[in-house]
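> Quick one: the structure is below, and I'll ask about it shortly.
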Amino acid sequence: MENRYNEMDTFLKELMKSAMDGEKVGDREVYDKLKTFGMSKEDYTITEEDIESSTMKDTKIGDDKWFAKMGIISACRRNNTRFVSWLPEEAKKGINEDTSQPLIPSTQYFSRNIEVPYFRKFLHRGVIEYSYEFTRINWGKFPIKLYIPIGKKDSLNFIMNLIYFIEDSDIWHQSKLASDIRTDDMVIRVYTQEDAKKIIDFVNKNKGQTLLETNPFLMRNGKVGLSVDGKQSFNRSTAYLIADYIEECKNNGKQEEIGLEDFRNYLQERYNKIYEKGEDIDTILNYYHRASNERQILDMKVIMEALLMSTDPEKDASDFLEYWNSIYGIEKNKEFKAIIKQMLYKDNKDAFTGFPELPKDSTKAIDENREFKERYAMLEEGRRIQREKVAEEYRKSEAVRIEQEKAGEAEEKRKREEEIRTRIEKEGERKKAVEKAHQKELECRRNDPNYQKRFEYFKELRNLATEKGDTVMTNNLNRLLRVVGIESDEEQKKSNEEQKRNNEDDER
């Protein structure tokens with residue numbers, strides 16, 4: 001592709017040709033051309049092959065909401081990267097804690113009754129209230145804006161790797177991803193030159209990723225575009241300025257003079273008239289802006305200075321970063337505020353004093369960023385200590401609970417064993433009582449003449465069965481007689497011998 005300065009020159013001449021052919025060349029048309037600069041239909045048309053390679057099966061052919069369905073949802077899952085959308089209205093009411101199921105806003109919103117694609121915003125993954133405090137205290141400052149034109153090829157992998165890198169590098173940021181494929185589909189705001197350089201180096205050294213080109217009116221470092229714009233949009237403001245330039249050239253018959261050099265002269269003259277002479281202020285107040293007139297004047301001053309630098313062939317990204325360093329914090333500069341009020345509300349007789357010269361070596365950005373990170377680190381350390389304290393208390397309570405459970409189990413076991421011993425003892429006593437009663441009953445029966453006759457009868461039957469060799473009858477009668485304590489002859493003989501041995505043992 002042509003170098004950036006030739007690209008800008010060609011862009012302006014083609015716009016002029018369109019205007020002379022009767023086409024409308026307003027700020028909206030210029031903006032649309034900037035966001036699709038250098039892109040072919042193939043670059044933003046989604047094909048079946050693209051869907052298959054991305055695994056986004058729910059994407060439809062020709063769907064221009066490529067990143068809306070893929071990038072931000074997947075990229076924000078790791079480490080609870082915090083994000084919040086501008087849209088829809090219900091998304092503004094709170095914070096969605098579950099990053100695996102992010103809010104999906106509508107696919108459009110309206111600005112001055114014009115439908116435009118939306119961006120999804122995401123922040124540093126820190127403690128969520130601290131991430132939003134970081135956003136709040138930096139809203140209105142002039143962070144470095146890094147534009148990364150990702151394109152559709154292998155975009156999910158690139159987005160995730162880039163966000164992983166930003167998070168792992170502890171870069172505090174405010175970022176957004178567009179719903180569709182464009183030259184500014186990913187924008188990352190950072191607050192120190194060091195953080196900007198880390199991201200730029202990562203993107204430019206990334207191998208195997210085919211990135212698109214940013215629009216040429218952004219200062220470029222490799223594939224990364226740089227700008228600064230405060231509460232406004234650099235690209236949208238650039239579109240206003242270009243559209244005004246085209247209109248002026250058309251009305252004044254300067255079609256042949258149009259080009260980058262003439263545009264720079266136009267821009268410089270307009271800047272001098274507004275910010276050095278205090279004239280024609282209404283020409284920039286008529287542009288759409290998101291804040292007060294005072295802030296519009298300040299933001300447009302910064303944007304025009306950045307645009308003059310990015311269109312200067314003698315300047316590069318390092319010059320731009322030095323310029324950014326000098327303007328950091330000017331939104332709180334009392335002299336600047338007083339001069340802006342003078343521009344808006346001065347009496348025609350009052351002389352315009354102009355803006356003071358900015359310092360060249362401001363460390364305010366570095367100092368503020370370091371202070372914020374130190375405060376966050378202190379908060380994290382306090383929370384870590386609190387977490388450890390809670391964990392230690394939990395461990396102690398668990399140890400006490402386990403000991404109590406063990407003691408309770410031991411007591412239950414002791415009680416069970418005691419109950420078993422008691423039952424065994426009671427059962428032994430019962431058996432002894434039963435045996436004693438049985439022996440007493442047997443003794444009574446032995447001494448009863450009627451029972452003795454029966455016993456003698458059974459003995460004779462037993463002897464008769466023994467003589468006849470009727471073993472079954474003999475055994476049955478032995479069992480019957482044994483119940484009442486009468487033994488057979490053999491048992492009696494054994495019993496007598498055993499008794500004799502016992503007596504001999506006792507005598508020894």
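> Restricting to the range 170-187, count the residues that are more than 17 Å from K35 (Cβ to Cβ) and more than 16 Å from the chain's Cα centre (by Cα).
Within the range 170-187, the subset more than 17 Å from K35 (Cβ to Cβ) is 170-175.
Retained after the next criterion (residues that are more than 16 Å from the chain's Cα centre (by Cα)): none.
Number of matching residues: 0.
> What is the one condition in (1) surrounded by 15 or more Cβ atoms within 10 Å (Cβ to Cβ); (2) closer than 28 Å to Y288 by Cβ that A338 does not satisfy?
Among (1) surrounded by 15 or more Cβ atoms within 10 Å (Cβ to Cβ); (2) closer than 28 Å to Y288 by Cβ, the lone unmet condition for A338 is (1).
> State all residues of the range 206-239 that are open to solvent by less than 30 Å² (accessible area, probe 1.4 Å) and closer than 18 Å to L298 by Cβ; if no residue qualifies, say none.
Hits for the range 206-239 are S227, V228, D229, G230, Q232, S233, F234, S237, T238.
> Right, I159: within 30 Å of N293 (Cβ to Cβ), at pLDDT below 85 and β-branched (V, I, T) or not?
no
> Turning to a different aspect of this structure: Filter the range 1-31 down to residues that are assigned to a helix (DSSP H, G or I) and among the hydrophobic types (A, V, I, L, M, F, W, C) and give me whichever is farthest from L211 (Cα to Cα).
In the first step, residues of the range 1-31 are kept if they are assigned to a helix (DSSP H, G or I); the result is 4-20, 27-31.
Those still in the list that are among the hydrophobic types (A, V, I, L, M, F, W, C) too: 8, 11-12, 15-16, 19-20, 30.
On the way: M8: 20, F11: 21, L12: 24, L15: 25, M16: 29, A19: 31, M20: 34, V30: 22 Å.
The residue in question is M20.
> Is it the case that A391 is under 60 Å from the mean Cα position of the chain (by Cα), of a type outside the set (D, E, K, R), loosely packed, with under 11 Cβ neighbours inside 10 Å and modelled with pLDDT of 85 or more?
Yes, satisfied.
The values are calculated or read from the model by the stated rules, or taken from the named source; none is laboratory data. Only a predicted model underlies this, so the values are computations on that prediction, with no experimental measurement involved. For neighbour counting, all protein chains shown are included, and Cβ atoms are generated from backbone atoms with ideal geometry for every residue, glycine included. Just the protein is used for accessible areas: all its heavy atoms, side chains included, with ligands, DNA and RNA removed. Shrake-Rupley method; radii C 1.70, N 1.55, O 1.52, S 1.80 Å.
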